[in-house]
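Values in this text are rule-based calculations from the coordinates and carry no lab data. Just so it is clear, the model here is predicted, and its values are computed rather than measured. Glycine also receives a Cβ, built like all others from the backbone with ideal geometry; neighbour counts cover every protein chain displayed.
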Amino acid sequence: MSLTLLYVQTLNGLQLGVLLFLIAAGLTLVFGVMDFVNLAHGVQYMIGAYLAAMFTALTGNFFFGLALALPSALLFGLLLEFFIFRHLYARDHLDQVLATFGIILTLNQAVKVIWGAAPLSVPIPEIFSGSVVLMPGLLYPVWRLVIIASGIAIALLLGILATKTRIGMLVRAGATNAPMVSALGVDIGRLFMIVFGFGAMLAGFAGAMVAPILSVEPGMGDNLLILTFVVIVIGGIGSIRGAFIAALMVGLVDTLGRSFGPSILRAFLDPSAAAQTGRALAPMLIYILMAAVLFFRPAGLFPAKK
Amino acid sequence: MTIPMLELRHIRKNFGALNVTDDVSLTIPRHELHAMIGPNGAGKTTLIHQISGLLSSNSGTLLLNGEDITALDLPQRARKGIVRSFQITSILPHFSTLENVALAVQARSGSSFRFFGRADREAVLNDAALAALTEVGLRDRANLRAGLLSHGEKRQLELAIALAAQPSVLLLDEPLAGTGPEESAVLTDLLRRLKGRLTIVLIEHDMEAVFSLADRISVLVYGKIIATDTPQAIRDNPEVRTAYLGEETA
Amino acid sequence: MIMRREILPLSIFLAFAVLPLLGDFGSDAFILSIVTRVMIFAIAAVSLDLILGYGALVSFGHAAFLGIGAYAVGILSAHGIREAAIQIPAALIVSALFALLTGAISLRTKGIYFIMITLAFGQMAYFFAVSLAAYGGDDGMTLPGRSLFFGYDIVQSERAFYFLVFACLIAVYVACRMIVTSRFGRVIRGARENPQRMEAIGFSLFAYQLTIYVIAGTLCGLAGFLLANQTQFVSPAYMTWQRSGELIVMVLLGGLGSLNGAILGAAAFLLLEEGLSHFTEYWKLYFGPFLVLVVLFARGGLMGGFKRLTGTDDGR
């Protein structure tokens, strides 16, 4: 294996990691603060990508598109919250699973009806197109670096929001002990709405940012949603810090495992067996990682609830 | 020298910096009815949780009949004979009254990894359950859905469940809480009949009941036992009077 | 003597029994094959009802067992072993082992964690199947034909296969009915209502819940065996997480913890899918909102409605 490939794949892993973080950050709070199982969070990501694609096509500029897509994604999330989710907070998990599953089916189909089944493509913004030489022999697409940088910037921003603002402290307190926060006289309904809208917008942002490098298609959020679950389980429900660390772990393990698993196995097995086993094992790595973390820490790495 | 039924050695539970029970040591001989009293927040319920295994202790040792059971969890201790009731009634509301008790019998009679044969038709289980229901005076309620019982009857049912589990130590967390005078009299009478047949640890706020029932009483204040003695001695203990009984007996 | 609560299951099974006698349904046996599919998914839904309805454990990875059962047929067939007497035990044993391993980890957790972890393990099985390049990978593989029973090709006809599935459904239903009313089942039902009460009288629930999880997974493996045989095709699509979701929908549509409801729910779901997809390519556009509305306004599913109509209450 070449060192350059290792660097490239590490960066790819980081990029997947921050993407997962953007989606997981909101969802882990929805789980932690509201104890609400929202399977439909992945469609927020998809909606973000579609909105970005649509507005970019309309305005002819990705940044205008993004600027329009974010409030639209927020609005969409708030509408869902208003019409459906808030009626489910008091229900048991099973009802929540069923309803949000229904929403996934609906929206995956709806985007097909509205935008067609064929994947949409979004051009990379002009000034961030092309690749940059990071070191001799190591070319890396600028846009992917932008994704990584913006993800890390948002992580820092979230960290500041969570620790320095009143609303952030309330949210953190809510993740630790929701009944106590409502006993303090805080309007818990409004708090939920803010958390929810914020999560929807972050997921939408993630979708918009990857629109130029992935194909925008129906169901694009589904598989990512499950990776997000793995992230939240490893990080600990309700913990932003846990989500960040777990997201990077999952992104790196998944990406590096897929590209280097077979060659590492070659040290122990003959080449064809190594290739085959490696291909079979690589996609399972993150689940094995999750199982291992759970075995030692059933509530994840950074459990918010005491 | 006889081995005590239950022995607590330096039991402690803290939530953060707060010591809810603090270095509690207590020896309870076989068949004693031992009452715990103390102001609200003294740690009585926490201590019951620790003895039953619902909460693990931060430090200390618990001996049942001389055997160290500190490491066992709630169901394991129940199988060893430590059975408890809960302050807030804990039953299976959609099961019949009889089946609530039959499940407790089932827990102590043979394996429950039996996949064939209707459990609700097992005479061995039902007979023993009926006996326990008769004991607490709920026989005529056997086929009623447990959720439909009155509050006092639910307290009686919970006692029947505990008895059917064949305890050697019975932990009762405010069995009279929320009952009216008549229901309370029925339950007190029941406790009096159980007294001397098994070891009982009783938390109760009804002082009349406590002082008439208990062999010995421990007074718990801020997580510490400040006195353990006979009811008469506790009544006369000046320290207890100032700390707790002062107003009530003045 | 027939009890009132036995009327419903008896009429369901009677309907399944007489359907093939009603006529030929044309050469392609279209209706017969749809109802066969309904019965196969009914087996899967009944098995899921054991953990979801009776155990109150929201498992979102149940389709994995469907896939494992199907791949047992596919992989063995690819190596020339088409004997059901080998395939069925293989399907059941591998399903049981997968349930034992994943259940032992998932059941250490509760609530949302449990949902997400079962989902993740289901997805793990899915990706494992995708990576099996030798067995078709993403595309899956076509089987050489239906399984043989002691060397005989006796379920080749749709009608014969229909009765095989019917027999399996009855066997699974009866077994599950026995389990839920047995001593073991009573512990599981008790834990659904009040786990702390059950532990306080001495039941260590983990062992019971793991056991019911393994039983449910194993029975669903049987459904997988049948599914592979019906379609004579095996692919990772059998174990997508959407499929797991659909199984939950089936159980919930029919009403939790009643077994009969799981069968009715499977029938309702598949017939609705079949019916709607005749009218529109986008049937999920109507089915999705329908689900949301069911949750918001009609609690208890089909069986809830049935119970309200007849005043019966099944085994709760």
**Report entry** Nonlocal amide H pairs with residue A:304, under 5 Å, H built at 1.01 Å
**Finding:** A:237, A:239
Query raised in the report: So, in Å, what gap is there between the alpha-carbon centers of the range A:67-135 and the range B:83-107?
Result: 47 Å
Query raised in the report: Using +1 on the beta carbon of Lys and Arg, -1 on that of Asp and Glu, and nothing else charged, what's the dipole of chain C about the Cα centre, debye to 20?
Result: 1160 debye
Report summary line: In whole angstrom, the spacing between the Cα centers of the range A:29-55 and the range A:203-226 equals 10 Å
Query - Candidates B:104, B:17, B:71, ranked by Gaussian network fluctuation over chain B, Cα under 10 Å, top entry - result: B:17
Requested in this report: Quote the relative contact order of the range C:31-310 in percent (integer), defining contacts as alpha-carbon pairs under 8 Å separated by 6+ residues.
Outcome: 36 percent
Query - Note, ³J(HN,Hα) from phi for the range C:213-226, Karplus 6.51, -1.76, 1.60, rounded to Hz, x at Gly and Pro - result: 5, 5, 4, 4, x, 5, 5, 5, x, 5, 4, x, 4, 5
Requested in this report: Over 13 Å, how big is the tail of the calculated P(r) for the range B:93-166, in percent of all Cα pairs?
Outcome: 59 percent
Report summary line: Interchain or sequence-distant (5+) residues whose placed amide H lies within less than 5 Å of the amide H of residue B:20 are B:13, B:14, B:15
Query raised in the report: Is the protein assembly as shown best put as rounded, prolate or oblate by its Cα gyration tensor, with a ≥ b ≥ c the root eigenvalues, rounded for a/c under 1.5, and otherwise prolate when a/b is larger than b/c, oblate when not?
Result: oblate
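Sorting A:209, A:249, A:169 on the 10 Å Cβ count, fewest up front, what's the list?
On the way: A:209 25, A:249 22, A:169 14.
If I rank by nearby Cβ atoms, fewest first, I get A:169, A:249, A:209.
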Report summary line: The local net charge around residue C:224, scoring Lys/Arg +1 and Asp/Glu -1 for residues other than residue C:224 whose Cβ lies under 14 Å from its Cβ, equals +2
Query raised in the report: Based on the alpha-carbon gyration tensor of the range A:1-155 and its eigenvalue square roots a ≥ b ≥ c, which shape applies: rounded if a/c is under 1.5, prolate if not and a/b is larger than b/c, or oblate?
Result: prolate
Query raised in the report: How many angstrom lie between the C-alpha centres of the range B:153-218 and the range A:251-305?
Result: 56 Å
Query raised in the report: Gaussian network model of chain B, Cα springs within a sub-10 Å range: biggest mean-square fluctuation belongs to which of B:21, B:97, B:179?
Result: B:179
Report task. Along Cα→Cβ, 7 Å out, is where each label goes; now give me the distance between the ones at residue C:298 and residue B:235 in nm to one decimal. Result -> 6.7 nm
Report task. Please turn the phi angles of the range C:56-63 into ³J(HN,Hα) values with the Karplus equation 6.51 cos²θ - 1.76 cosθ + 1.60 (θ = phi - 60°), one per residue in order, whole Hz, x for glycine and proline. Result -> 6, 10, 7, 8, 10, x, 6, 5
Query raised in the report: Mean separation of Cα pairs under 8 Å and 6+ residues apart, divided by the residue count of the range A:107-215: what relative contact order is that in percent?
Result: 29 percent
Requested in this report: Let me know the mean shielding of B:116-126 by other chains, meaning the per-residue number of their Cβ atoms within 10 Å of its Cβ.
Outcome: 3
Report task. Please give the net charge around residue B:227, taking every other residue with its beta carbon less than 12 angstrom from that of residue B:227, where Lys and Arg add +1 and Asp and Glu add -1. Result -> +1
Requested in this report: Provide the packing ranking of B:157-165, C:63-71, i.e. peptides ordered by the mean count of other C-beta atoms within 10 Å per residue, highest first.
Outcome: C:63-71, B:157-165
Query - Cα gyration tensor shape for the range B:160-250, rounded if a/c is under 1.5, else prolate or oblate - result: prolate
Requested in this report: Work out the mean other chain Cβ neighbour count within 10 Å for the residues of C:240-252 and drop it here as an integer.
Outcome: 3
Requested in this report: Mark the label point 7 Å from the Cα of residue C:83 along Cα→Cβ and return the residues of the range C:150-178 whose backbone N is within less than 13 Å of it.
Outcome: C:150-152
**Report entry** Lysine pairs meeting the criterion (Cα under 12 Å, 8 or more apart or interchain), as found in the protein assembly as shown
**Finding:** 4
**Report entry** Cβ neighbours within 10 Å from other chains - mean over B:138-144
**Finding:** 0
Report task. Quick one: dipole size for the protein assembly as shown, taken about the Cα centre, charges +1 on Lys/Arg Cβ and -1 on Asp/Glu Cβ, in debye to the nearest 20. Result -> 520 debye
**Report entry** Added length on full extension, which subtracts the Cα-Cα distance from 0.36 nm per residue, residue A:79 to residue A:129
**Finding:** 14.5 nm
